[in-house]
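**Q** Dumping the structure here so I can ask a few things about it.
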Amino acid sequence: MDIKRAEKISKALADANRLTILKEVKKSKDCLYCVDLNETLDLAQPSICHHLKQLIDNELISSEKEGRNVKYSLNNYVIDDYIKFLEGLKV
């Protein structure tokens, strides 16, 4: 992972709501639906969509349309790659 990519991911993760979304997706084991996030986060729907878009754009989560719903799942490959990048910074 290059520095620019790590910077973009770091900026995406620098928000408590986005970290909460990642935790909720992880808790759901397989996937999480948008309606489940509405129940968890005390945010308006447009705000939730904004945070989801940031996570999707940085490939931290993936989305899949399922009928009228969208389900979200973690992209463990990108998360692992980011963690390896951070570990490379240790002395």
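**Q** Quick one: in segment 3-34, of everything that is on the phi < 0 side of the Ramachandran plot, at pLDDT below 95 and not in a helix (DSSP H, G or I), which residue is surrounded by the fewest Cβ atoms within 10 Å (Cβ to Cβ)?
**A** Residue satisfying both the conditions and the ranking: D30.
**Q** Next question, about the same structure. Spot the failing condition for E64; the list is (1) among the acidic types (D, E); (2) over 16 Å from A12 (Cα atoms); (3) within 11 Å of the chain's Cα centre (by Cα), and only one is missed.
**A** With (1) among the acidic types (D, E); (2) over 16 Å from A12 (Cα atoms); (3) within 11 Å of the chain's Cα centre (by Cα) applied to E64, the lone miss is (3).
**Q** Given the condition out of contact with any helix residue (DSSP H, G or I) (no Cβ under 9 Å at 6 or more places or on another chain), touching a residue at least 12 places away in the same chain (Cβ under 8 Å) and aliphatic (A, V, I, L, M), answer yes or no: does some residue in segment 34-41 qualify?
**A** Yes, segment 34-41 has at least one match.
The values are calculated or read from the model by the stated rules, or taken from the named source; none is laboratory data. Source: prediction; values computed, not measured. When we count neighbours, we look across all protein chains shown, and the Cβ atoms used for this are built from the backbone with ideal geometry, even at glycine.
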